[in-house]
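See below for the structure under consideration.
The values are calculated or read from the model by the stated rules, or taken from the named source; none is laboratory data. Predicted model, so just to flag it, every value in this text is computed and none were measured. With ideal geometry, Cβ positions are generated from the backbone for all residues, glycine too; neighbour counts draw on all protein chains shown. Please note that ligands, DNA and RNA were not included when accessible areas were found on the heavy atoms of the full protein model with its side chains. Shrake-Rupley method; radii C 1.70, N 1.55, O 1.52, S 1.80 Å.
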Amino acid sequence: MDFPLSGRSFLRELDFTTEEWNYLLDLAAQLKAAKRSGKETKYLEGRNIALIFEKSSTRTRCSFETAAFDQGAHTTYLDPASSHLGVKESVADTARVLGRMYDAIELRGNDQTTAELLHEWSGVPVYNGLTDAWHPTQMLADMLTMREHSDRPLHETAFAYVGDARYNMGRSLLVTGAMMGMRTVICAPESLQPPAEVIEMARERARETGAEIVITEDVGEVRGCDFLHTDMWVSMGEPDSVWDERVALLRPYRVDAKMMELAGENTKFMHCLPSLHDTSTAVGRRIYEKYGLDGCEVSNEVFESPASVVFDQAENRLHTIKAVMVATLGR
Ligand code: CP
Ligand code: NVA
C-alpha cells in the first residue's frame, strides 16, 4: 500500500485538500470493512503514539487506543494531570522529548497554539483530538457517516448544524462542509455564530468546490437538509456561569420532533456526543431542575428515534482515526 500523507500532521481540517479528504474517507471505509471481515493488515507495527488529553474524552481516546492496537501500535495515555506539560515544562520542551520517543502525538487541548507548537517542535506527526477551535478527526467520522447514510455523493447532499456555532463543532462543520462541496447551513443566534474569519475561510473554499454556505438565525433554513447536527450548548472548559445565557439563547434551537419534521421526512439526526438528551446524567438533572428542560440540545424522543445515527457516527471515530494514523505513519 502507498502512504501519500506520510509524515503529515492533522491540526485542522484545512491541512488536507478535498482530494486528500476523499482519500482518507476511502481508506477509512476500507479499514472498516477489513476489520469487520477479520482480515485487517497491520500497518503500524512497532509504532509508538503519545496521547495527551488536557480535557476528558470517551470516544476520541478509545478510538486512538483501539485503532492503534488493531494496527499493532502502542500508546501512552497522558491524562490532564499526569505530565508536566504547561505546568512546569513548556510545550516546546515536552514536544522535543516526546519527539525522541514517539512516532506521533495526539493532543486534546484547549488552545490550538498548543497543537501548533507540538507540531513545530516534535518533528513527528501531530493529530488534533479537539481544541477550542477545531475538531478535525470528528469531521472525518461525520463525513464518513453522512456518506454511508446517503445514496448521493457528499457534494449533492445538504446538512444543517443548529446550536452553539462559535466553537469547535460549528466552526469545523462549516469549513468541512465547504471543503466537501455540500450545502452547509449553520443556524445559530447571531452571538453564537462562527467568527467572521472562519466564515470567510469557508466561503473561499466554497468558491472552489461549489458548496453553498448559509449562515442564519432562522431555524426555517433547516428545511430540506439530509442531516441535522447539533452539539452540547456548553462545551468543555467553559464555566457553569454561561448556562443561564446559553439556555436563553438556544432554547429555540433545540432539536425536537417538530424541528425534525421541518427538516424533512428522511432527515437523519447527528451529534458528536456526549449529549444531554434526558435526566440520566448529573448535568442533565441539574438542567432539568434549573430550567425545566428534559434533555437539552436534543429531546430524548429524537435522540432515540430511528432517524438518529449517532452511534454509527461514534463507531466511525475508530475507523477514521485509524485511517489518519495509517495514512501518516503506515509502512
Ligand atoms: N465526540 C467526541 O470527541 O467525544 P469524546 O469527548 O468522548 O472524545
Ligand atoms: N463542543 C464540545 C464537543 C465535544 C466533543 C466540547 O468542546 O466540549
| query | So which of Val298, Val242 is under 19 Å from Phe159 (Cβ atoms) and of a type in the set (Val, Ile, Thr)? | reply | Val298
| task | Return a yes/no flag: does region 12-30 have any residue that is within 16 Å of ligand 2 (Cβ to nearest atom), closer than 27 Å to Arg171 by Cα and β-branched (Val, Ile, Thr). | result | no
| note | Residues of region 95-123 being surrounded by 23 or more Cβ atoms within 10 Å (Cβ to Cβ) and among the β-branched types (Val, Ile, Thr), in sequence order, are Ile105
| query | What is the number of the single condition among (1) touching a helix residue (DSSP H, G or I) at 6+ places or on another chain (Cβ under 6 Å); (2) in a loop (DSSP other than H, G, I, E, B) that Ile321 does not meet? | reply | (2)
| request: Check Leu144 against each of (1) crowded, with 24+ Cβ neighbours inside 10 Å; (2) within 16 Å of ligand 2 (Cβ to nearest atom) and name the one condition it does not meet. | output: (2)
| query | Which pairs have Cβ atoms under 7 Å, sit 6 or more apart or on different chains, and link a residue in region 101-118 that is hydroxyl-bearing (Ser, Thr, Tyr) to one that is open to solvent by less than 10 Å² (accessible area, probe 1.4 Å)? | reply | Tyr102/Ile49; Tyr102/Ala50; Thr114/Leu107
| query | In region 147-170, which residue that is over 20 Å from Pro195 (Cβ atoms) and among the hydrophobic types (A, V, I, L, M, F, W, C) is surrounded by the most Cβ atoms within 10 Å (Cβ to Cβ)? | reply | Phe159
| said: Can you report the number of residues in region 36-61 which are surrounded by 14 or more Cβ atoms within 10 Å (Cβ to Cβ), within 8 Å of ligand 1 (Cβ to nearest atom) and over 14 Å from the mean Cα position of the chain (by Cα)? | reply: 1
| request: For region 62-85, enumerate the residues that are within 24 Å of the chain's Cα centre (by Cα) and open to solvent by 40 Å² or more (accessible area, probe 1.4 Å). | output: Cys62, Thr66, Phe69, His74, Thr76, Tyr77, Asp79, Pro80, Ala81
| said: Please go through (1) modelled with pLDDT of 95 or more; (2) open to solvent by 20 Å² or more (accessible area, probe 1.4 Å); (3) not in a helix (DSSP H, G or I) for Lys32 and return the number of the only condition it doesn't satisfy. | reply: (3)
| remark: Of those in region 197-250 that are among the hydrophobic types (A, V, I, L, M, F, W, C) and without any contact (Cβ under 8 Å) to a residue 12 or more places away in the chain, the residue farthest from ligand 2 (Cβ to nearest atom) is Ala248
| field | Selection within region 60-89 - in contact with a strand residue (DSSP E or B) (Cβ under 7 Å, 6 or more places away or on another chain), among the aliphatic types (A, V, I, L, M) and closer than 15 Å to Glu45 by Cα | value | Ala68, Ala73
| request: Determine if region 296-312 includes at least one residue that is in a helix (DSSP H, G or I), within 15 Å of ligand 2 (Cβ to nearest atom), at pLDDT 95 or above and crowded, with 24+ Cβ neighbours inside 10 Å. | output: no
| note | The one condition Tyr127 fails out of (1) touching a residue at least 60 places away in the same chain (Cβ under 8 Å); (2) more than 16 Å from ligand 1 (Cβ to nearest atom); (3) closer than 13 Å to Arg12 by Cβ; (4) of a type outside the set (D, E, K, R) is (2)
| request: Can you give me the number of residues within region 64-113 that are within 16 Å of ligand 1 (Cβ to nearest atom) and over 12 Å from Leu130 (Cβ atoms)? | output: 9
| field | strands (runs of 3 or more DSSP E) fully within region 181-294 counting 2 or more residues that are open to solvent by 20 Å² or more (accessible area, probe 1.4 Å) | value | 212-216
